[in-house]
Structures are given as C-alpha cells and as structure tokens.
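The values are calculated or read from the model by the stated rules, or taken from the named source; none is laboratory data. The model shown is predicted, which means the values in this text are computed figures rather than measured ones. Quick reminder, even Gly has a Cβ in these numbers, built from the backbone with ideal geometry, and neighbours come from all protein chains shown.
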Amino acid sequence: MTDEERQELLKKQKTDKLTPADRYKIPPQDMPEQDPVKRRSNVNEVATGYTETHARLEAMRCLQCKKAPCIKGCPVQIKIQDFVAAICDGDFKKALAVIKENSLLPAVCGRVCPQEVQCQQTCTVGLKFKDPTKAVSIGRLERFVADLDQEEIIPTVAPETGMKVAVIGSGPGGIVTAADTRRAGHDVTIFEAFHKTGGVLVYGIPEFRLPKAIVQKEIDVLTEMGVKIVCNFVVGRTRTIEQLMKEDGFDAVYIGVGAGLPRFMGIEGESLVGVFSANEYLTRANLMKAYDFGKGADTPIVRSKKVAVIGGGNVAMDSARTAVRLGAEKVYLVYRRTEKEMPARIEEVHHAKQEGVEFHILQSPKRVIGDQNSRVTAIECLKYRLGEPDESGRRRPIPIEGSEFQIDVDTCIIAIGNIANPLIRQTTAGLEFNKWGNILVDENCKTSLDGVYAGGDIVLGAATVILAMGQGRIAAAAINDYLAKKKQKS
Amino acid sequence: MSHKIVSKRKLSENVFTAEIEASLIAQAGKPGQFVIISINSEYSERIPLTIADADPEKGTIRLIWQRVGKTTAELADMKADEKIANVVGPLGKPTHIENLGTVACVGGGIGNAPLLPITKALKKAGNKIISILGARTKDLLILEDEFDRISNELIVTTDDGSYGRKALVTEPLKELCQRDQKPNQAFVISPAIMMKFCCEVTRKFNIPTQVSLNTIMVDATGMCGGCRVEIDGKPKFVCVDGPEFDGHKVNFDLMMKRLDAYKDQEQKAYEQYKEHRCKIGLDK
Ligand SMILES: Cc1cc2nc3c(=O)[nH]c(=O)nc-3n(C[C@H](O)[C@H](O)[C@H](O)COP(=O)(O)OP(=O)(O)OC[C@H]3O[C@@H](n4cnc5c(N)ncnc54)[C@H](O)[C@@H]3O)c2cc1C
Ligand SMILES: Cc1cc2nc3c(=O)[nH]c(=O)nc-3n(C[C@H](O)[C@H](O)[C@H](O)COP(=O)(O)OP(=O)(O)OC[C@H]3O[C@@H](n4cnc5c(N)ncnc54)[C@H](O)[C@@H]3O)c2cc1C
Ligand code: SF4
Ligand code: SF4
Ligand code: FES
C-alpha cells in the first residue's frame, strides 16, 4: 500500500460512513521493521512501530462489535473496542487512559503478548479471514499509544496507611502488585535477587524485542510513587519470609519469584562444554551484556559458528535470534513437532526465519557428542512423526526408530522450559505447593499462609507477561482488602 | 546499596583479603556459604567468593581471593573506603556440621580460605581436627596461623619443599588414612585437580569426603544451570544443590573442562586489564 492510498483512506473515515464491508477491504497494516540483513548484526528493536497513519488505518479495520469478543480473549479484559475507537478519532490520550484502566504495562504487553491466541484469536475480523494475524492488530495499536506517552504520569498515592507490603521478585507480576498496593497508601518494598529489576523482561526477553529502557521507565514510575527497591536480596537466603513478617514488620507478602530452574533433557552429553540452558545464554547476553565482551563488558559468551537451539517457544526463538546476532554462521532450530504446534508468537517465528534461522521440525536430539576436550561437536537426532492429540490438544510427537542422524554444531542451547525454583519451598514452613512445586493459591491469589499471596510463573508454571500481570492485580486487590480489614481490627 | 570496603590487605603475592560491610549477610551467613559480587553495575562480571568469616555485630564479612583474572585483579586494586556495587548472599547450602570424631581438613592454595570457617565450626562442634595445608611454594601459603590455632594437628606441604614437608597433600592424607585411628570424615577444598586426587585416596579407605566445588557461575540462584556438574552421573547445580558434594561421586574431569570454557576470552580480558592498569600507573 502506498502512502497516498493510505491518506486517501484516512480521509474517508472523516467523510464517509464506512460499512463493515468497506472495513474488511482495508488491508492489515504491516508494522515497519528493520531490514533483516542489517538487524542480524545489531541488538536494536526489530519492529520499529506504527506511524500515526498506520495506527489510524489499522484502527479503522475494527467493526466496533457490540459484544466485542476480543475482550474475552484478553486475560485482563482491556476495553479493546473503546481504545481502538479513540485511536480512530485521533484521541490517543483517551486510548491510553482506557487501556491503563486494566493494564499497567501496555508498552510491554503490546510487544510481547501472544495476541494470536488471546485478544486477536477471538476478533471478528480475524475470524472472517480465518487467520488471527489478519485480525485487528490490537497489540500493535496498544504499543503505538503506549509509546506516544512521553511524559510519565505518576499515579496518585493514597495517604500513608502505615502498613508494610513486601513484594518478592521484580518481574511483571511484582511490578504491578507494587504499584497497586502503593496506590492504596501502603509502604511497599520490592526485594530482587538480581542487581537489576524487571525479571524476565530484562534478563530473558532480548533488547531487539523489548528495549530495556521501556522496562526501566516502569520501574522509575514505581520509585517516583515511593516504592522502595532492594536489589541483591535473595528471599529465603538473605532473609526468610518468616523473618520479613515476624521481625521486619511486613504485614503482607507477594511472592512473584518466577519459574526459575531450567529444564534439561536428561540425555547423554548434556553437561559438555558448549551446552547451555537458554536461561544462561540469554542472561549472559542480555543482563550481563556479553555481546560487548572486550568492549567494556566483563562477562564472556561463546562465539559460536554453528548453533542448535532445542525447542519451539519464545525462549527458543529468542536464543536462536541472539545467536544470529552474536555472529553464528548457522543457527538451527530443532523442534519435535511441526511449526503449527510451536508455542512461540507467530511474529517471532516469522522474524527468526527472515533472519536466517533454519527450522528443523519433527526432530529431537538423542545425545550430544563431544571431542576429547569435552567440547560439543555434534548432536545426534531422531526423526519424529505426529500421533494422536495428547492432553494439551497438540498432536503427540513419536520418535521414528532407527532414524538417527547427526547435525554438526559447536553449541547447543536447550530451551524446553523451566521448573519451579525450590528455594522458597525449602525455606518457608506451611506454604503449600502442587506436585510440580508451584505455589497453591485460591482465586484471590492467596496462599495457604495468612497475609501471603503469590502469582506469575511460580504459580502458573510457564505463563505469559500478561497473565503474571493479571495475577499481580488480583493479589494486590486482595492484599489491599486484607490490610484494610487488619487495620480496622487494630 | 553498595558495600564499603572497611579494610584490605595482601596475604601473599596473589592473595588478598578484605572486610566488607554487608550486615544482613553477616547475620545470616553460615560456614560453607558464599556471596556473589560484582564491582560495578552495568558491565561487571558476577563472581562467587566464599564468606571466609563474618562479624554479625560489626555487620561485616571477610573475603579472601586469589588474583586469577580480570575481576579478581580489579578487586585486588581496590582500596579501603571504596565501594563494591553488588554483594549478594549468603548463597548455597551451609555445611552440615556435627561431631564426627576425628576429621581431616585438607586445603590447597586459595581453598584454605573457604575451608577455614568450616574447620572452625567443626572444631566448635567438638571434632578432633587434623589439618593439611598445601601450597605450590612458601610464599603462596595462606592462613597457616589461623589453622594452627584450631587444629589438634597441622601438616603443611609445599610442592617445591620451600616450607614444611616437600610433598603433595595427597601423601600425608594417605598416611592419615593408614593410621589406626583414621579420620571419620575428610573435608577437601582446593583446585579441582587436587580434590580429584584426594578423593581417590580417601575412596580406597572408605572415608566419606566432602568437597566444595568452584564452578563458573552467573546468577547463583539456580536460574541458569551454568554451574552444573555431574554427581553420580546426574546434573546438579553447584549454587543451589551445593557447593558441597560427596567427593566420591563428582565427575571432576568434566568439571575441569567446564571451568576452562572461556579460558581464551578470559585471558584476553585479563591482559587488557593489565595493560590498562599499567597505563594509569597502578603498577607503580
Ligand atoms: C526468553 C523468554 C521469552 C519470553 N517471551 C515471552 C513473550 O514473548 N510473551 C509473553 O507473554 N511471555 C514471555 N515469556 C514468559 C514471561 O516472561 C513470564 O511468564 C513472566 O515474566 C513471568 O513473570 P513473573 O511475575 O512470574 O516474574 P519473572 O519475570 O519470572 O521474575 C521473577 C523475578 O524474581 C526474582 N527472584 C527469584 N527468586 C527470588 C528470591 N528468592 N528473592 C528475590 N527475588 C527473587 C528473579 O530474579 C526475577 O527477577 C518469556 C520468557 C522467557 C524466559
Ligand atoms: C562457591 C564458590 C566459592 C568460591 N570461593 C572463592 C574464594 O573464596 N576465593 C577465591 O579466590 N576464589 C573463589 N572462588 C573462585 C572464584 O569465583 C574465581 O576465581 C573467580 O570467578 C575468577 O574471576 P576472574 O574474573 O578474576 O577470572 P576469570 O577471568 O573468570 O578466570 C581466570 C581463570 O581462572 C579460572 N577460573 C575461572 N573461574 C574459576 C573458578 N570458579 N574456580 C577456579 N578457577 C576459575 C579459569 O580457568 C580462567 O582461565 C569460588 C568459586 C565458587 C563457585
Ligand atoms: S494486554 Fe495483551 S491480550 Fe490484552 S489486549 Fe493487550 S495485547 Fe491483547
Ligand atoms: S472483535 Fe475485533 S473487530 Fe470486533 S470490536 Fe474487537 S477488535 Fe474490533
Ligand atoms: S549459577 Fe546459575 S544456576 Fe547456578
């Protein structure tokens, strides 16, 4: 579509009454992005964002459905049709205000939500084209208005209540809990194990997908609101939850420590030099800025020539695309199902392919092979076929016997998920867990301990940013209730 | 929150010690535990160092480190009153301390530093302590006096015979094991290769042996798996499952290979740093 055609269409919005048929005719607005060849060698954000014209045209594609089925797909029920209508009218301030009623981190969620299985899956326009990527680009619109918002508005804080809230972990769940409990006037402290705040948003998701400055801005707002942030503090080690509550005077606690331990496959050769968990690889690259090793940064990272990434989720895509940026000549993505079953966002799969990542589907490693120095030289894989659907509804991968073959690589990155970190479990008596080590909570995110709430990956297993955020909201509301009652009693 | 260096001293050519403000860690730390430090925020590497001693009243911890690469060199160049940006801890599982009877505490090189608090605690629990300290040469021997004070018997060896007995620590360890009253347990902390050979000795005599592993770490909270070692053929994370393990079950060969994973890059960084400190006159 040319710019002139775009302008032409925009004019129509003002003069004509558009019918649904007219709206269906407006082509989905692609997001401008960095050239795939150029971006292979930089860590800047890939998708550069809509212009005002793009955004308004995309918003015009929305039919303003009476029942707005899109809202049901959004875990925090943003009033999507209202904010999209405001964009149509060019009232971006109002659009943002509508979003912020339900979501505190639109700049983040607009970028990383798996929209095609959430809000855009249920969008009428997408259903019409039988393709959620042709639905109204709700996430991109959300990002657009969030990015416009230059001056940060600091939410008003209620008068001090004198009650103390401890938030453990500064991931999306923790950030939201801290903001919402602080707004109610409580004295809130975030305890973070790392030297940097933001959780997976800073150490996991790479800069080229979510610029760190966006996360930092949200943290700065918290500080402005008077939330205290204590880094380098490992709850369970530096102090236990019991000490925080009994000795340090915290009246309520939110546990948002994320999932933690990386899963390995349990195959031969997995401890060889050159085999990494995605967590390690991404933490070295993102948090420790290892791509600048020798140019200031002190943390090294392997400079691989041939890399195999095992897995098909966002974490696998992020690892593969990070390897590309670190100069690998060949990056293979090895996944035991097919592209259709990949849990990664469609956009990330698309970007990974554009950047030259080679997809090896229906394959999975059986062992990792090393040389006499224990360095990885190859992976031996088995071919797979798909059988009947399993509990998750996805077709079960079945190994084909005798189909072994080798792929020569010097690095193997395992991105098959995480399991719950046992530290809180080992150090908190009375807290109840399920058999996978996730904390058990009720519908208000309350745990088995009085005054202790939990949410995000440590409760849900592997979740998403928006789900963690949603739980943070629920927990904060419950904490505010709990503390109001507690105050009345005293 | 940064951490002030209260005092700093050189113990031998390449070994340094400092007392650092870290009151919460001083209160919570137990023998066998360590901290992760990074000197500045943005670009510094995170490195693990054992809590060699703690003064909960004063709110300080003592670190003892050997200059082997960029970060330990940078730390060695710092002075009292300067600040370390990040100190996290106490991390890892504390050593299980009980009265076992007679114990052998074997330290090699910088390993004496992490061994000291454990030996102290074992002494306090009523054990009879036989310490064996090994060093390449006399100038590299550290903490002899401290060990002398708490040991019922102290044996010192040097590789070159410049002090104590000319031997590797495995020799006196073997003799100990051959005594009528052999140790009930051994605690060995040293470079990996020496732990490996000590474990081979004690295995023959069926003496349970605890080792403390010094793998490369990133987060030290169990999140990355970079510190993993093979224990009995299964992967374990040193930072959360350790740092202490049954030495007879450790795959030391693989661990040593993993320690060298970044050798070339690390050497380059160290060379660069040495050049830099030369330029700014720190060498004088
Ligand atoms: C590489 C990668 C890519 C992803 N991509 C997407 C995506 O595109 N879209 C999406 O929706 N989701 C994505 N996710 C998932 C999403 O990031 C998580 O579901 C979400 O961040 C979970 O949030 P949380 O609030 O549970 O905390 P986390 O973000 O997990 O943060 C937990 C924080 O707690 C800290 N902590 C842990 N233990 C302690 C302790 N004992 N004391 C103090 N602090 C502690 C940790 O250091 C960390 O900072 C991705 C995840 C990864 C790893
Ligand atoms: C639980 C634990 C406790 C430790 N306690 C102490 C302590 O009390 N005092 C002390 O001096 N050191 C201790 N170490 C080792 C210390 O962490 C490393 O020496 C340090 O990380 C080196 O950093 P660097 O940047 O100076 O050198 P680097 O540039 O990282 O390494 C220089 C060279 O040293 C070797 N090396 C790298 N990491 C290690 C390691 N972890 N152990 C041994 N050799 C290594 C490599 O072969 C490398 O080529 C401990 C390690 C662990 C895991
Ligand atoms: S928060 Fe996520 S799911 Fe909800 S509307 Fe925004 S992009 Fe869609
Ligand atoms: S379902 Fe789609 S078209 Fe309908 S209101 Fe929501 S975004 Fe608009
Ligand atoms: S250092 Fe990351 S898991 Fe141990």
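At a glance:
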item: Test: A:Ile407 is closer than 21 Å to A:Val307 by Cα and in the same structural domain as A:Thr322 (by TED's automatic domain parsing); result: yes
item: Test: residue in the stretch B:183-195 that is away from ligand 4 (no atom under 16 Å from the Cβ) and either of a type in the set (Asp, Glu) or free of Cβ contacts under 8 Å to residues at least 24 places away in the same chain (or both); result: no
item: Filtered residues of the stretch A:170-190 (kept if in contact with a helix residue (DSSP H, G or I) (Cβ under 8 Å, 6 or more places away or on another chain) and outside any helix (DSSP H, G or I)); result: A:Ser170, A:Gly171, A:Ala184, A:His186, A:Val188, A:Ile190
item: Residue in the stretch B:116-129 that is among the basic types (Lys, Arg) and within 14 Å of chain A (Cβ to nearest Cβ) present; result: no
item: Residue list for the stretch A:249-273, filter: away from ligand 2 (no atom under 16 Å from the Cβ), touching a residue at least 40 places away in the same chain (Cβ under 8 Å) and more than 20 Å from the chain's Cα centre (by Cα); result: A:Gly249, A:Phe250, A:Asp251, A:Ala252, A:Val253, A:Phe264, A:Met265, A:Ile267, A:Glu268, A:Gly269, A:Glu270, A:Leu272
item: Any hit, the stretch A:448-466, residues being touching a residue at least 60 places away in the same chain (Cβ under 8 Å) and in contact with a His (Cβ under 9 Å, 6 or more places away or on another chain); result: no
item: Residues of the stretch B:207-245 that turn out to be near ligand 2 (Cβ under 9 Å from one of its atoms) and among the hydrophobic types (A, V, I, L, M, F, W, C), as a count; result: 7
item: Selection status of B:Gly107, part of a strand (DSSP E or B) and within 30 Å of B:Asp160 (Cα to Cα); result: yes
item: Among (1) in contact with a strand residue (DSSP E or B) (Cβ under 9 Å, 6 or more places away or on another chain); (2) not in a loop (DSSP other than H, G, I, E, B) - the single one B:Lys93 does not satisfy; result: (2)
item: From the options B:Gly247, B:Gly225, B:Gly233, B:Gly242, residue that is touching a residue at least 12 places away in the same chain (Cβ under 8 Å) and within 16 Å of ligand 1 (Cβ to nearest atom); result: B:Gly225
item: Residue in the stretch A:287-303 that is farther than 30 Å from B:Ile37 by Cβ and surrounded by 24 or more Cβ atoms within 10 Å (Cβ to Cβ) present; result: no
item: The stretch A:279-309: number of residues that are within 13 Å of ligand 1 (Cβ to nearest atom) and not aliphatic (A, V, I, L, M); result: 6
item: Filter pass, A:Val215 being modelled with pLDDT under 95, out of contact with any strand residue (DSSP E or B) (no Cβ under 9 Å at 6 or more places or on another chain) and away from chain B (no Cβ under 14 Å); result: yes
item: Residue match in the stretch B:204-222 (condition: within 22 Å of the chain's Cα centre (by Cα), at pLDDT 90 or above and aromatic (Phe, Trp, Tyr)); result: no
item: In the stretch B:61-89, the residues that are within 11 Å of ligand 2 (Cβ to nearest atom) and within 12 Å of another protein chain (Cβ to nearest Cβ); result: B:Gly69, B:Lys70, B:Thr71, B:Thr72, B:Ala73, B:Glu74, B:Leu75, B:Gly89
item: Subset of the stretch A:267-286 that is surrounded by fewer than 24 Cβ atoms within 10 Å (Cβ to Cβ) and β-branched (Val, Ile, Thr) - its residue that is nearest to ligand 5 (Cβ to nearest atom); result: A:Val273
item: Counted residues, the stretch B:41-60 - those being within 14 Å of another protein chain (Cβ to nearest Cβ) and acidic (Asp, Glu); result: 2
item: Residue ranges of strands (runs of 3 or more DSSP E) in the stretch A:248-299 with at least 3 members modelled with pLDDT under 95 and facing another protein chain (nearest Cβ under 7 Å); result: A:260-262
item: Tabulated pairs, the stretch A:150-175, first closer than 14 Å to A:Leu104 by Cβ, second among the charged types (D, E, K, R) and outside any loop (DSSP other than H, G, I, E, B), C-beta under 7 angstrom, 6+ apart or interchain; result: A:Glu152/A:Lys217; A:Ile154/A:Glu224; A:Pro155/A:Arg183; A:Ile175/A:Glu218
item: Top-ranked residue in the stretch B:196-236 [being of a type in the set (A, V, I, L, M) and in contact with a strand residue (DSSP E or B) (Cβ under 7 Å, 6 or more places away or on another chain); ranked as farthest from ligand 4 (Cβ to nearest atom)]; result: B:Ile207
item: Residue in the stretch B:228-236 that is assigned to a loop (DSSP other than H, G, I, E, B), within 14 Å of ligand 5 (Cβ to nearest atom) and crowded, with 18+ Cβ neighbours inside 10 Å present; result: no
item: Test: residue in the stretch B:146-155 that is within 14 Å of chain A (Cβ to nearest Cβ), modelled with pLDDT under 95 and either away from ligand 4 (no atom under 16 Å from the Cβ) or farther than 30 Å from A:Ile301 by Cα (or both); result: no
item: Qualifying residue in the stretch B:4-25 (condition: within 11 Å of chain A (Cβ to nearest Cβ), without any contact (Cβ under 8 Å) to a residue 60 or more places away in the chain and among the hydrophobic types (A, V, I, L, M, F, W, C)); result: yes
item: Candidate set from the stretch A:436-474 (those that are more than 15 Å from A:Val257 (Cα to Cα) and among the β-branched types (Val, Ile, Thr)); member that is farthest from ligand 4 (Cβ to nearest atom); result: A:Ile474
item: Lone qualifier among A:Gln34, A:Gln81 - being without any contact (Cβ under 8 Å) to a residue 40 or more places away in the chain, near ligand 4 (Cβ under 10 Å from one of its atoms) and under 24 Å from the mean Cα position of the chain (by Cα); result: A:Gln81
